[in-house]
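Asker: This structure is in C-alpha cells; I'll ask about it shortly.
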Amino acid sequence: MRFAEVRVSIRAAAVIALLAASRADAQCADGSPPPCRQAAARPAPATTARPVAVDPNRIAVVPFRVTTADSLLGEGFAELLAQEFTGEGGPRAVDMSTTLSAWRHAGGGLRTPLALDSAMMLARRLGSGILLQGSIVGLAGRLSINAAMVNSATAAPIGQPARVAGSADSLESMLRQVAASLLGIGASERVLKSARLSKSPAALRSYLEGLALWRRGFAVQAARAFEASVEADSLFASAIYQRWLMGQAYAGGGVVTSGWTPRTRARIDLLTPRERKVFEAYVGKGQPRTRMQAYLERRRAAEELGDSPEAWFSVGDYVYHDGNAVVGPDSLIPLARQFFSLAVGLDTQPVFLFHLTEIAINTRDTTLMRRLLPAYANVDSEDKWIHRWGLAAALGDASILETLRRNAPKEWSNTTFLLTGAVMDSPIPIGAFMDVAAQLPAGGPRPVLNGMLEALQMARGRPAAAEAIRRPSPTSAVPFAFLMHTGDRFDSSMLASAGDRVLADSASEVSRQCLRARLVIERGGTIPLDSASIQLNTRCRNVLRAWDSWNRGSLTDSALARLDTVVTYGRMSNFLGFEHRLLSRVYEAKGDTARAVRAMHLYPHDYGGAHSAPTQRELGRVLLMARDTAGAIMAYERYLSLRAEAQPPLIAERDSVKAIVARLTRRVVP
C-alpha cells in the first residue's frame, strides 16, 4: 500500500530536519548504522524540509490578547474557537498544539501577543491562508470579545469581525456567537445548534486549566483538572476526550486509564472531527482488528490530519511498543524515531519528547541528544529536570550535570523516575543514577526509586548490589519480576538465595513459579505444567510446554509455529526474558540460521532490563554462526557495555567475551 505524502509546515519540517529524523547516520533497531538488515515493512513518512503551499481554506487561530486577570482565556478561548473550524462549510483550523508551539517559538506569550506581520508570517509557515486574531477585555465580571480574520499574505479583511459581550459565566454562549459570526450563514447554524461544549462555567474553567497543564507537561494535575470538568458536566465530550487522551499518553505515569475509552465512545457524536479521528485510530471503531490493521489505521489518521502531534505520537508509540509484529525488529526503532520526530516537530511538550529522548540515549546518538536538550527549555514540569539529567549523564556533560545538581527539584513524584527504567541499556554509569538517589529525601517515592535501582543493578550484572538495595527495603514485586526477565544462568543462585517461600504478592508469585519451572526444564528435568499443579500465566505455560516438548523431541512443526507467533507478538508487559532465546535455539537445532538470527531480535526494543545483556551475548554467538562478524562484534560490544561494572559470578563470563571480541577484531582489521 502506498501512502499519500505528508504535508507539514516549513517550521515543523525544519525542526524535523534539525532532529535528524532521516539523517544518513540514523541508527537501526540494534544500534547499528543503516542499511538495516531488513527493509521497513512500509515506507516511512517524508521528513525532509520542503516548502508548504499556503491553503486559502486553512486557518491559524492564535491566542487572543487578554486584558483580564484570567490568564487562561487567551489560549483557552482560541483553542475552543479553533475546534469550531472543522472544514464543514468553512475553513479548517491548524491543530492547536501545533499552532501554540509555533506561536511560543515565534515569541508569543500571555502578555506579549505577536505583532500582525509576525502573526501573518506564522500563519503562512503553518500553511494557512487565513489568520484569526482577537482580544478579550474583562471588567467587573463582564467580558468583551473581538475577533477578526485576515488574509495571511495581504492582511486584507475576510468577512466581518465578530464582537460580543456578556457575563464571564456565559463564555460558552459568547464562543458560539463569535464562531457563528465568523463562519457565516450555514456553518453558523450548525455551531449554534451544537451541544459539544459545556454550558457549565465550572466545567469550562477546569477544562481550560487541564489544557494549560497538559501543554506544560503536568500530566497528573492535568488529568485531575479534566476529571473535575467532567464531574461538573458529565456530558462534556471534549473534556471526556482529553481525559481519555491523557491516559493513552501517560499510561503508567500515574494517570489512571480504565473507564475512559467507553465514556469517550459514548459521546463520540459530539467530538470534533479531529478528536474523533484520533480516538478511532487509537481504539478502533468497535470491531476487532489485527495489530497490522491498528498500525495502518493510526498511520492513515496521522497522515490525513498531517499537523496533529497527538496522531503522529500515537503511531510512533504503537510501533515503539508493538513494532516487532508489524514492521519487524530491524525497522522498529528507525520508524518509531521518525514518527516521534514528526510529533516533536509540531509540538515539543514532554509527552512527545519522552520516547524520542529514550531512543537518543539508548542508541548512543550524541548528536540527537544535544539537539534535544534545548527542546526542554519551555517545559515547566519535573520532566524538564530528569530528562535533561538523562541526556547530560549519557553525554557525560559535567557542566550541565553540576547545574542540575544545584537546581534539583524540591519535590519528587513517581513519574520522575520513569526515565530510570527506560534507559537501563544506556551508557549512563550506575554512579550517575546513585547520585540522583542521594538527593532524594527518605520519604515520598523512595520505594519506587529503590525498585528501579535494584532492576538497574540486575541489568548491569550486579546481583550483590541488587540484593543490597533489596535487603533493607524489600520491594516484593520487583526482584522476581526482573529475575524473570534476566533469562540467564545465575537466576538459579538468586532464586536459591530467596528460598522457597510463597510470595504474598500474586504477580510476584506467578513470576517466581515461572522462573522455578523454567530452571527445571532448562536443565532437562520435568515438572507438571497443568493449572492444578503450578500457578503460571498463559504465556509462560505455553512457552514452557513448547520447551518441554523440544527437550523430549516431540515439538511438532505446528507447535513451533505457535511458539514463533507467541514470541513475535510479545511486548515488554508480557515478556518473559527467555522465549526469544528458546525459539532461536530451536531454529538453530533445525539448521535454520536465518530464523535463529531473526528470533534473537524478537525482544522488546522499547525498554531494556536484566534480559538485555544475555540477549546481546547470545545474539553475538548466533551472528557468528551466520558469518556476520561485524554484527557479532557489535552485539558483543553492546553486551560488554552492560557488563562494564559486573560483579561475580559474571566477571569471568564478561572477560571471556572480551577475549572473543579481541580475536574477532584482529581478524577483521588488517
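The values are calculated or read from the model by the stated rules, or taken from the named source; none is laboratory data. Remember, it's a predicted structure, so these values are computed and weren't measured experimentally. Every residue, glycine among them, receives a Cβ derived from its backbone with ideal geometry; neighbour counts consider all protein chains shown. Please note that ligands, DNA and RNA were not included when accessible areas were found on the heavy atoms of the full protein model with its side chains. Shrake-Rupley method; radii C 1.70, N 1.55, O 1.52, S 1.80 Å.
Asker: Looking only at the range 303-312, decide whether some residue is at pLDDT 95 or above, touching a Leu at 6+ places or on another chain (Cβ under 9 Å), over 21 Å from Trp214 (Cβ atoms) and among the hydrophobic types (A, V, I, L, M, F, W, C).
Answerer: Checked the range 303-312: no residue is at pLDDT 95 or above, touching a Leu at 6+ places or on another chain (Cβ under 9 Å), over 21 Å from Trp214 (Cβ atoms) and among the hydrophobic types (A, V, I, L, M, F, W, C).
Asker: Do any residues in the range 60-77 that are of a type in the set (Gly, Ala, Ser) have Cβ atoms under 6 Å from those of residues that are at pLDDT below 85, where the two are at least six apart or on different chains, and which pairs are they?
Answerer: Ser71/Leu110; Gly74/Leu110
Asker: Something else: For the range 163-184, give me each residue that is part of a strand (DSSP E or B) and in contact with a Gly (Cβ under 8 Å, 6 or more places away or on another chain).
Answerer: Result: Ser167, single match.
Asker: So, one more: Where residues in the range 599-622 are of a type in the set (D, E, K, R) and within 22 Å of Leu664 (Cα to Cα), which of them is most open to solvent (accessible area, probe 1.4 Å)?
Answerer: Arg621
Asker: Show me the helices (runs of 4 or more DSSP H) entirely contained within the range 347-396 in which 2 or more residues are touching a residue at least 12 places away in the same chain (Cβ under 8 Å), open to solvent by less than 10 Å² (accessible area, probe 1.4 Å) and within 17 Å of Leu335 (Cα to Cα).
Answerer: Of the helices (runs of 4 or more DSSP H) lying wholly inside the range 347-396, those with at least 2 residues that are touching a residue at least 12 places away in the same chain (Cβ under 8 Å), open to solvent by less than 10 Å² (accessible area, probe 1.4 Å) and within 17 Å of Leu335 (Cα to Cα) span 350-362.
Asker: Does the range 293-333 hold any residues that are in contact with an Asp or Glu (Cβ under 9 Å, 6 or more places away or on another chain) and part of a loop (DSSP other than H, G, I, E, B), and which are they?
Answerer: Within the range 293-333, Gly306, Asp307, Ser308 qualify.
Asker: How many of the residues in the range 588-634 are part of a loop (DSSP other than H, G, I, E, B), of a type in the set (A, V, I, L, M) and farther than 14 Å from Pro329 by Cβ?
Answerer: 2
Asker: Still on this structure, please answer the following. Name the residues in the range 635-662 that are open to solvent by 20 Å² or more (accessible area, probe 1.4 Å), under 19 Å from Ala394 (Cα atoms) and part of a helix (DSSP H, G or I), would you?
Answerer: Listed by number, the residues that qualify are Glu637, Arg638, Leu640, Ser641.
Asker: If you scan the range 624-634, which residues turn out to be surrounded by fewer than 19 Cβ atoms within 10 Å (Cβ to Cβ) and not β-branched (Val, Ile, Thr)?
Answerer: Within the range 624-634, Leu624, Met625, Ala626, Arg627, Asp628, Ala630 meet the criteria.
Asker: Among all residue pairs at least 6 apart or on different chains, which show Cβ distances below 6 Å where the first residue, located in the range 513-533, is farther than 17 Å from Trp550 by Cα and the second is open to solvent by 70 Å² or more (accessible area, probe 1.4 Å)?
Answerer: Listed by first residue and then by second, the contacts come to Gln513/Gln535.
Asker: Using beta carbons and a limit of 6 Å, which pairs, at least six apart or on different chains, have the first residue in the range 199-221 and over 17 Å from Ala78 (Cβ atoms) and in contact (Cβ under 8 Å) with a residue 12 or more places away in the chain and the second one part of a loop (DSSP other than H, G, I, E, B) and of a type in the set (Ser, Thr, Tyr)?
Answerer: Final answer for the pair search is Gly217/Ser381; Phe218/Ser381.
Asker: Checking Arg585 against (1) part of a helix (DSSP H, G or I); (2) touching a residue at least 60 places away in the same chain (Cβ under 8 Å); (3) surrounded by fewer than 19 Cβ atoms within 10 Å (Cβ to Cβ), which test does it fail?
Answerer: Here Arg585 meets the rest and fails (2).
Asker: Of all residues being open to solvent by 40 Å² or more (accessible area, probe 1.4 Å) and modelled with pLDDT under 85 in the range 221-269, which is farthest from the chain's Cα centre (by Cα)? Just the residue, please.
Answerer: This residue is Ser258.
Residue-wise test of (1) buried (at least 20 other Cβ atoms within 10 Å of the Cβ); (2) without any contact (Cβ under 8 Å) to a residue 24 or more places away in the chain.
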| site | (1), (2) |
| --- | --- |
| Ile130 | yes, no |
| Gly134 | yes, no |
| Leu143 | yes, no |
| Val150 | yes, no |
| Pro161 | no, yes |
| Gly166 | no, no |
| Asp169 | no, no |
| Val178 | yes, no |
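Asker: Residues that are at pLDDT 90 or above and open to solvent by 20 Å² or more (accessible area, probe 1.4 Å): does the range 94-105 have at least one?
Answerer: No: the range 94-105 contains no residue that is at pLDDT 90 or above and open to solvent by 20 Å² or more (accessible area, probe 1.4 Å).
Asker: Sticking with this one: Could you tell me which residue of the range 270-292 is farthest from Pro91 (Cα to Cα), considering only residues that are of a type in the set (A, V, I, L, M), assigned to a helix (DSSP H, G or I) and open to solvent by less than 50 Å² (accessible area, probe 1.4 Å)?
Answerer: Just the residues of the range 270-292 that are of a type in the set (A, V, I, L, M), to begin with: 270-271, 278, 281, 283, 292.
Filter once more, so that each one left must be assigned to a helix (DSSP H, G or I): 270, 278, 281, 283, 292.
Pick out the ones that are also open to solvent by less than 50 Å² (accessible area, probe 1.4 Å) and you get 270, 278, 281, 283.
Values: Leu270: 19, Val278: 20, Ala281: 23, Val283: 28 Å.
Taking the candidates together, the pick is Val283.
Asker: Residue check, Gly451 against (1) in a helix (DSSP H, G or I); (2) among the small types (Gly, Ala, Ser); (3) surrounded by fewer than 20 Cβ atoms within 10 Å (Cβ to Cβ); (4) modelled with pLDDT under 80, all met but one. Which one?
Answerer: The single condition Gly451 does not satisfy is (3).
Asker: Okay, moving on. Those residues that are touching a residue at least 60 places away in the same chain (Cβ under 8 Å), open to solvent by less than 10 Å² (accessible area, probe 1.4 Å), closer than 19 Å to Arg274 by Cα and within 13 Å of the chain's Cα centre (by Cα), I need them from the range 307-339; list them, please.
Answerer: Pro309, Phe313, Ser314, Phe339
Asker: Could you please find all residues in the range 495-527 being open to solvent by 70 Å² or more (accessible area, probe 1.4 Å), modelled with pLDDT of 75 or more and of a type in the set (S, T, N, Q)?
Answerer: Answer for the range 495-527, where residues must be open to solvent by 70 Å² or more (accessible area, probe 1.4 Å), modelled with pLDDT of 75 or more and of a type in the set (S, T, N, Q): Ser506, Thr526.
Asker: Hey, another quick one. Might you check whether a residue that is modelled with pLDDT of 85 or more and touching a Phe, Trp or Tyr at 6+ places or on another chain (Cβ under 6 Å) occurs anywhere in the range 374-386?
Answerer: No: the range 374-386 contains no residue that is modelled with pLDDT of 85 or more and touching a Phe, Trp or Tyr at 6+ places or on another chain (Cβ under 6 Å).
Asker: Continuing with this model, one more query. Residues in the range 528-539: is at least one open to solvent by 30 Å² or more (accessible area, probe 1.4 Å), of a type in the set (A, V, I, L, M, F, W, C) and more than 27 Å from Leu332 (Cβ to Cβ)?
Answerer: The answer is yes; a qualifying residue exists.
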